[in-house]
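What follows is a single structure, written as C-alpha cells, with notes after it.
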Amino acid sequence: MQWAAGQLTGRRNYLDIEIVTRAWGPPARSHPANIRYPLFTQPHYPESMGALKLEELSAKNAVEANNLSLKPGQEQFIAPVSYAMAGPFLDPHTGWSRVVTDENDGVVGFILANFDPDAAEDEFRSCIWRMNVDADAQGKGAGRFAVEVTADEARKRGFDRLTVLWEPGDDGPEDFFLRVGFVVVGETPYGERIGALAL
C-alpha cells in the first residue's frame, strides 16, 4: 500500500511540502481519502467561506498546498523547535496529513497531526504537528474547521485530548489556538507553549 507523508519547511512567504512515498503494511485503521464535513460557521468571523472539505495530502494537491501564503511575520512560527527536534523520530504510520479545500478557492489550508499512543512525550501522542491557513483565507473559518475535524479524528481514535505547541510572539498563533478552545497546560524546555484541547 502506498502512503504519502508531508514535511513542511518555511521558505520566504510560502510553505514547501515534500511528498515522500513509501511502501508500508496496512495501517491500524483505514481512512477514506476524501471526507466531507459541514462548515462550522462562527459569528465572529468577518465572512464565511464556501463549503469546506478535508482531503488527504497527495501528489495531486501538494502543489496547491505548497503555494499557501503566509502573512508577514508568520514564517518564524511554522516549526517550533520541539517539533523540529522530534521530527526525525515521527512514526510515518501515525502521521495524518490533510489539506482543507474550499469549493471556490481550492486548497486553503494544511494540517499535519500525529496520533501515537506510545509516544514518549505526552504532548506528542495526539497533537497538531503543523498547520497553515493561506493568508487570504485566515479569519474565515478554515483554521477552526481544520482543528475541529482533527479533534474529531483524535476522538475516534480514543484520545481524550488534542495538543499543540507554539512559540509565543506578536504574529504567532496563540490567540487563534486559545480562541478555538486550547488551554495552556505547560511549557517546553525551549520556551514553547503547550496547549491542550479537551475532547
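The values are calculated or read from the model by the stated rules, or taken from the named source; none is laboratory data. A quick note: this is a predicted structure, and the numbers were derived from the prediction, not measured. Backbone-built Cβ (ideal geometry, glycine too); neighbour counts: all protein chains shown.
List of remarks:
- For region 177-196, the candidate set comprises residues that are outside any loop (DSSP other than H, G, I, E, B) and in contact with a helix residue (DSSP H, G or I) (Cβ under 6 Å, 6 or more places away or on another chain); within that set, the residue that is surrounded by the most Cβ atoms within 10 Å (Cβ to Cβ) is G195.
- Strands (runs of 3 or more DSSP E) wholly inside region 106-175 containing at least 1 residues that are of a type in the set (G, A, S): 106-115, 126-133
- Number of positions in region 89-105 that are among the hydroxyl-bearing types (S, T, Y) and either touching a Ser or Thr at 6+ places or on another chain (Cβ under 6 Å) or in a loop (DSSP other than H, G, I, E, B) (or both): 1
- Leading residue by the ranking (nearest to D118 (Cα to Cα)) among those in region 155-173 that are in contact (Cβ under 8 Å) with a residue 60 or more places away in the chain and over 17 Å from the mean Cα position of the chain (by Cα): G169
- Scope region 49-84; condition touching a Phe, Trp or Tyr at 6+ places or on another chain (Cβ under 8 Å), at pLDDT below 90 and either among the hydrophobic types (A, V, I, L, M, F, W, C) or crowded, with 18+ Cβ neighbours inside 10 Å (or both); matching residues: L57, A65, N66, L68, L70, F77, P80, V81, S82, Y83
- Exclusive hit being of a type in the set (F, W, Y) and either more than 14 Å from the chain's Cα centre (by Cα) or at pLDDT below 90 (or both), set F124, F40, F110: F40
- For first residues located in region 114-127 and within 15 Å of G158 (Cβ to Cβ) and acidic (D, E), partners that are in a loop (DSSP other than H, G, I, E, B) and modelled with pLDDT under 90 and lie 6+ apart or on another chain with Cβ distances below 7 Å form the pairs D116/D91.
- Selection within region 148-199 - hydroxyl-bearing (S, T, Y), farther than 21 Å from L52 by Cα and in contact with a strand residue (DSSP E or B) (Cβ under 7 Å, 6 or more places away or on another chain): T163, T188
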